[in-house]
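So the structure is just underneath, and the comments pick up after that.
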Amino acid sequence: MKQHGSVPVDVHIWQIVTRDYEPELREAKSLTPLVYERVGNAFRHRFGAPFAGWAHSLLFGAEFGALRAQLPTQMLKEMDAYREEIKAQKLKKRKALRKSDKTGP
């Protein structure tokens, strides 16, 4: 469709960008229109508008698809460590919320 600068953003692409390009976006609570635009801009800035959509497809495939097996071992370890860090943070937040619910106002 000749929209090479378009970057479809979902939670997985958001995680790739926060891990590799824009760590300050980790503070965002949800994928708002502003965050969506910043994620797309991160791709366009880093790879250029003519290649941003292609970069998105390749990085997504490397993260979750058949390309993953072809990545260097160290990179896979870093990706897995980041994923575990995010899970631990979410678990910690859930526990804190449960604790505050039990203690009440």
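The values are calculated or read from the model by the stated rules, or taken from the named source; none is laboratory data. This structure is a prediction, so every number in the text was calculated from the model and none was measured. Positions of Cβ are backbone-derived with ideal geometry, glycine not excepted, and every protein chain shown enters the neighbour counts. The protein model used for the area step is the full one, side chains on, heavy atoms only, and it has no ligands, DNA or RNA in it. Shrake-Rupley method; radii C 1.70, N 1.55, O 1.52, S 1.80 Å.
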Checked pairs for region 22-39, first free of Cβ contacts under 8 Å to residues at least 24 places away in the same chain, second of a type in the set (V, I, T), C-beta under 6 Å and 6 or more apart or across chains, list as L25/T18; R26/T18; A28/V35
Those residues of region 1-32 which are of a type in the set (A, V, I, L, M, F, W, C), over 22 Å from L71 (Cα atoms) and either within 11 Å of the chain's Cα centre (by Cα) or open to solvent by less than 100 Å² (accessible area, probe 1.4 Å) (or both) amount to V7, V9, L25, A28, L31
Q: With respect to V35, determine if the residue is assigned to a loop (DSSP other than H, G, I, E, B) and surrounded by 16 or more Cβ atoms within 10 Å (Cβ to Cβ).
A: no
Can you find a residue in region 42-59 that is open to solvent by 60 Å² or more (accessible area, probe 1.4 Å), farther than 30 Å from Q3 by Cβ and of a type in the set (K, R)? no
